[in-house]
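See below for the structure under consideration.
No value in this document is a laboratory result; all are computed from the given coordinates. Please read these numbers as outputs of a predicted model, since none were measured by experiment. Because the Cβ atoms are built from the backbone with ideal geometry, glycine has one as well, and the counts that use them run over all protein chains shown.
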Ligand code: HEM
Ligand SMILES: [Cu+2]
Ligand SMILES: [Cu+2]
């Protein structure tokens, strides 16, 4: 099929941008490990409270200023506030005891979906002191706008 | 040709669809306005109406009802215009589809009004609505299939009567749009009929949540292209005629529609980037396929501007941008869709951000996303549809678009663009600050960041008020053109292909080939992940009614 010269130039330019774009995303994902949260672990959504580690949610120290935060999202709360020292690396491990919830910490890149039957994980290092808010950003029912948690970094 | 009206019976069928569409705009607009007021804390809803009930109505009425009805009405009219009066069979199918869809719409609306379905228009399990909500939605989809079948039949009749000839561009594009819709809705029909209905009736206890979400998003992204393609039909086929130019290239137009079919379906995971249970390899593969739509999008942009430039030069424009002055800025049939096109440039750029693995993390489920689709569907698509209505409704009712109404329509466009710039601009900004979408008024216990979002939410309400005024003006125009405008003949603008354009290769109309490639791509992108989702499925979820 014949194409106008300018159209060819335009599409070649578009094609190159596309390749550059995909390379940036690809390198960042596979070489630098910036994958989106994609945990493959499953859990019985009706037995969350009896299944380890969610039978004992909360903060656990697992290394030098490194913590695991085990949390259960359910209508309409995330559990007790957490307290960590400045510079702490926290591995969040979250599941849902009822419907789909969101898990985001405004001001950070922490943002993931919590689907019942699945566990999702994300890691963040809190380099600055202050109070952080965890919010549910997926509609989950009448109390959705109140569903939040706190992290105290000091 | 231009001075003839399409068959009156066909006109009636189109009008019936278009009216339902605009009633949905009015009702949905009222909901939208109230939402902006609630979110900014200006009002609380009376009479026990819930924010999420309202939001469900807004999403269903505008994203599903308005779009689907308008599109089917528009496509039927254009098919009648370009392939000739509908045969008895296709017209009957059109009406059958209309009644099935309308039955479904009424059932769904009642369920939302009785607060038995405040699950939003995406109805994510395991929130569980009344089974009738899902049945209503299923009827809407089935009705649209019946209408699609009518269009396919009319097209086939034409091909049989004109062997070896290239079909009219409009009818080709209409068939492509309905084909995309048919293939895409198979996913949502599967989750609704096989999962949600049995589960909400209690015939089965639990549901596979991830499978349901995956089937939904298999449909959810091409849904966007189902809205866009009819707008592209206007841009490719209608606008050249209105500006007194020619279609730049028939073959490029068809090729871009083929590519939209191929690359809009196997990409749903880009809506599920942040969820567990889907491996990042498959997410990345689908993100790659997502970016392929950049190619037909650039082709479309090129063709449109080439058409503008060629017609401008024919009218004696000189210099690099002289043609801009030759465009009919005062013609609402051009101005409204053109503003839609213009807004599509930043909107498309935002879309690229949304679909990128890592950037998605920043904006997922924030108001940024809501801001994004109020630019794409609620501005680019909506303004184009409004622009179509300005000549299509009088054409169908045997009336004319007067100078005065034309002026009012231009004012409507300006109100819409200004209101949307404010509302969507505020949504984008506050979304970057982390404000969640689909969330009623909240300060999270006077948390400082959340308090900082309020001014933007007030800006949203100001923009929303402009938009609502825009909707009132629009409805006035629609009513006027339907019942009060002077009788006459309003042209149905169908562009002709430029003389120097190449002959269109027959391969572009080889439906078996394109459907084959489309199915192959879908199987490639979805077979393994869906098998994994089923094989590694956790125990299912019971239903919850948390509203
Ligand atoms: C008067 C004009 C409009 C106003 C004031 C308005 C306002 C809003 C607001 C405030 C939200 C929800 C914010 C939240 O997430 O809490 C929203 C959501 C939405 N709007 Fe609009 N909108 C208008 C027109 C439209 C149009 C014309 C369309 C489509 C053609 C549209 C489609 C949607 C959709 C699909 C949603 C998402 C619903 C959901 O998240 O479940 N809106 N709108
Ligand atoms: Cu929530
Ligand atoms: Cu998408």
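Take the Cα radius of gyration of the protein assembly as shown and divide it by 2.2 N^0.38 Å, N being the number of residues; the result is 0.96.
For chain B, the longest principal axis of the alpha carbon atoms and the long axis of helix B:88-113 meet at an angle near 30°.
Modelled spin-label separation between residue A:19 and residue B:454, with each label point placed 7 Å from Cα along the Cα-to-Cβ direction: 5.4 nm. With just the Cα atoms defining each centre, how far is region B:511-537 from region A:83-98? Give it in Å. If you average the Cα positions of each part, the centres end up 36 Å apart.
Temperature 20 °C, viscosity 1.002 mPa s: under these conditions the Stokes-Einstein estimate for region B:85-130, based on its Kirkwood radius over C-alpha pairs, is 171 µm² per second. For the residues of B:529-537, the average number of beta carbons from a partner chain within 10 Å of their own beta carbon is 1.
Here the ratio of the Cα radius of gyration of region B:213-320 to 2.2 N^0.38 Å is 1.36. Write down the percent of antiparallel bridges among all DSSP beta bridges whose residues are both part of region A:38-153, to the nearest 5. Of the beta bridges lying entirely in region A:38-153, close to 70 percent run antiparallel. Here the simple spin-label model places points 7 Å from the Cα toward Cβ, and for residue A:8 and residue B:545 these points are separated by 6.5 nm.
Note on residue B:7/residue B:520: beta-carbon distance plugged into 1/(1 + (r/R0)^6) with R0 of 30 Å gives a FRET efficiency of 0.15.
Principal-axis analysis of the Cα atoms of chain B puts helix B:250-264 at an angle of about 10° to the longest axis. Here the spin labels are modelled as points 7 Å beyond Cα on the Cα-Cβ line, and at residue B:156 and residue B:510 they lie 2.1 nm apart. Evaluate E = 1/(1 + (r/R0)^6) for residue B:414 and residue B:49, where r is the Cβ-Cβ distance and R0 equals 41 Å; express this FRET efficiency to the nearest 0.05. Rounded to the nearest 0.05, the efficiency is 0.80. Ranked for footprinting exposure by Cβ neighbours inside 10 Å, fewest first, A:66, B:490 give A:66, B:490.
Relative to the dominant Cα principal axis of chain B, helix B:403-432 is inclined by about 30°.
In terms of its alpha-carbon gyration tensor, region B:8-535 comes out rounded; the largest-to-smallest axis ratio a/c stays below the 1.5 threshold.
For residue B:527 and residue B:487, a Förster radius of 41 Å and the Cβ-Cβ distance give a FRET efficiency of 0.10, rounded to the nearest 0.05. Take each residue of peptide B:438-449, count the partner chain Cβ atoms within 10 Å of its Cβ, and average: the result is 5.
Cα convex hull, region A:38-153: 90 Å³ per residue, rounded to a whole number. Take every Cα pair under 8 Å whose residues are at least 6 apart in sequence, average their separation, divide by the length of chain B, and the relative contact order is 20 percent.
Just counting partner chain Cβ atoms within 10 Å, what average do the residues of peptide B:14-25 show around their Cβ?
Other-chain Cβ atoms within 10 Å of each residue's Cβ, averaged: 0.
Specify the inter-centroid distance of region A:101-154 and region B:90-163, based on alpha-carbon positions, in whole Å. Value for the Cα centre distance between the two parts: 37 Å.
Would you mind classifying region B:155-233 by shape? Square roots of the alpha carbon gyration tensor eigenvalues, ordered a ≥ b ≥ c; an a/c under 1.5 is rounded, otherwise it is prolate if a/b is larger than b/c and oblate if not. Judged from the Cα gyration tensor, region B:155-233 comes out prolate (a/c at least 1.5, a/b above b/c). Counting every other Cβ atom within 10 Å of each residue's Cβ, B:432, B:392 order from fewest to most as B:432, B:392.
The ranking of B:4, B:384, A:95 from fewest to most other beta carbons within 10 Å of each one's beta carbon is B:4, B:384, A:95. Relative contact order of region B:352-452: 46 percent, from C-alpha pairs under 8 Å at least 6 residues apart in sequence. With q set to 0.14 Å⁻¹, the log10 of I(q)/I(0) for region B:229-383, from the Debye formula over equal scatterers at the Cα positions, is -0.76. Inter-part distance, region B:354-412 to region B:173-252, computed on C-alpha centroids, equals 18 Å. Full extension of the chain between residue B:353 and residue B:186 gives 57.3 nm of extra length, using 0.36 nm per residue less the Cα-Cα distance.
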